[in-house]
Amino acid sequence: LVRAKESAESADRAKSEFLAMVSHEIRTPINAVLGFATLLRETMLTTEQREQVEMIRASAETLESLIADILDLSKMEAGKLDIDRQPFALHKCVEEVCAFFAQKVHAAALELDLRLDPDVPAIVNGDQARLRQVLVNLVGNAIKFTDRGSVKVHVSCAQGEPAAGDGRPTLRLFFAIADTGIGIPPNKLDHLFQPFSQVDSSPKRRRGGTGLGLIISKRLCDLMGGAISVESRAGEGSTFRFSVLADYD
Ligand code: ADP
């Protein structure tokens with residue numbers, strides 16, 4: 001049994017290392033495709049050629065984000081993803097995520113509303129890049145799965161006990177992303193935070209995506225000392241909530 005367990009663990013490690021290496025190797029040529037397609041787009045082209053170049057660029061972009069997701073997931077499975085703890089501007093970080101989607105929201109005639117509770121500190125210690133990644137996944141999904149209405153982002157917080165080590169005050173940050181979109185049927189809710197889980201996985205589905213965003217977000221929330229959950233009604237919209245632990249000076 002011990003030997004079987006060790007061999008399974010070593011196979012698992014080999015798989016994660018293989019995935020990490022392959023994803024890394026695939027990135028370089030994808031970047032070349034993306035870069036040259038972007039350059040080509042700036043040259044004199046017929047309408048048809050422009051559409052074709054745009055398709056090359058969009059496909060390379062999709063591939064790039066898929067590879068980034070696979071790399072993240074394999075790093076997490078190998079226990080090699082470390083969470084940073086640096087001071088960063090929390091309000092600015094959330095505002096920038098909303099600004100990043102402004103054009104998409106406008107094009108889809110949706111409303112994007114951000115509310116930051118007044119007691120949420122402007123500067124906290126935590127992992128800005130990973131928090132942003134979860135927010136981009138959830139706000140991006142909310143927009144992608146909403147045809148009309150709004151996406152509302154709400155940030156609140158609760159004071160925690162001072163940390164054992166340096167006695168800094170800790171803080172639990174709560175994020176809620178509510179949309180008025182297509183919602184999720186009850187029988188799909190339980191499987192949502194599993195790899196490649198998509199409510200509509202048919203090749204003809206029109207919203208795109210890989211089914212990795214939520215599992216990555218869940219793992220990141222776990223690593224940041226928090227949790228993620230969802231409430232949804234098919235046809236009425238969804239609310240994704242997550243929390244992370246931070247501290248401040
Ligand atoms: P992706 O969006 O790339 O398909 P995710 O892991 O981010 O992958 O999401 C998995 C699935 O969960 C989506 O394909 C969709 O079916 C469902 N989902 C996620 N967010 C929403 C939302 N806000 N409204 C409706 N369905 C959602």
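Summary table
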item: Longest exposed-site-free window of the chain, the sites being trypsin sites (Lys or Arg not before Pro) in a DSSP loop that have at most 14 other C-beta atoms within 10 Å; result: 1-79
item: Two-site label geometry, residue 95 and residue 115: point separation in nm, points 7 Å out along Cα→Cβ; result: 1.9
item: Neighbourhood charge, 13 Å Cβ-Cβ cut-off, centred on residue 53 and excluding it, Lys, Arg +1 and Asp, Glu -1; result: -2
item: Interchain or long-range residues, amide H under 5 Å from residue 151's placed H; result: 111, 112, 113
item: Accessible surface, per residue, of the chain when the full set of protein chains is kept, probe 1.4 Å, Å²; result: 59
item: Placed amide H near residue 126: partners under 5 Å, 5+ positions off or other chain; result: 86, 88
item: Kirkwood-type radius of the range 83-149, with distances r between different C-alpha atoms, in Å; result: 12.9
item: Net lengthening on full extension, residue 11/residue 80 (0.36 nm per residue, minus Cα-Cα); result: 23.2 nm
item: Share of carbon and sulfur in the accessible heavy-atom surface of the range 5-155 [1.4 Å probe, %]; result: 58
item: Of the GluC sites (Glu not before Pro) in the range 1-93, those whose Cβ has at most 11 other Cβ within 10 Å and which sit in DSSP loop; result: 42
item: Normalised alpha carbon radius of gyration of the range 1-113 [divisor 2.2 N^0.38 Å]; result: 1.54
item: Local electrostatic count at residue 245 - Lys and Arg +1, Asp and Glu -1, tallied over other residues with Cβ under 14 Å; result: -1
item: For the chain, fraction of C-alpha pairs farther apart than 30 Å, in %; result: 37
item: For the range 179-190, 3J(HN,Hα) per residue [Karplus equation, 6.51 cos²θ - 1.76 cosθ + 1.60, θ = phi - 60°, Hz, x = Gly/Pro]; result: 10, 10, x, 6, x, 10, x, x, 6, 9, 4, 5
item: Value of [θ]222 nm, deg cm²/dmol, for the chain, DSSP H segments ≥ 4, -39500 (n - 2.57) each, nearest 500; result: -16000 deg cm²/dmol
item: Above-threshold pairs, the threshold being 30 Å between Cα atoms, out of 152/218; 5/144; 15/92; 15/144; 15/218; 92/188; result: 5/144; 15/92; 15/144; 92/188
item: Sum of side-chain charges, residue 40 neighbourhood, beta-carbon under 14 Å (Lys, Arg +1; Asp, Glu -1); result: -1
item: Mean shadow area of the range 66-109 over all directions, Cα convex hull, nm²; result: 4.8
item: nm² value of the averaged projected area, convex hull over the Cα atoms of the range 102-197; result: 8.4
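The values are calculated or read from the model by the stated rules, or taken from the named source; none is laboratory data. Just so it is clear, the model here is predicted, and its values are computed rather than measured. Ideal geometry is used to build each Cβ from the backbone, glycine not excepted, and the neighbour counts take in all protein chains shown. Surface areas here come from the heavy atoms of the whole protein model, side chains and all, with no ligands, DNA or RNA. Shrake-Rupley method; radii C 1.70, N 1.55, O 1.52, S 1.80 Å.
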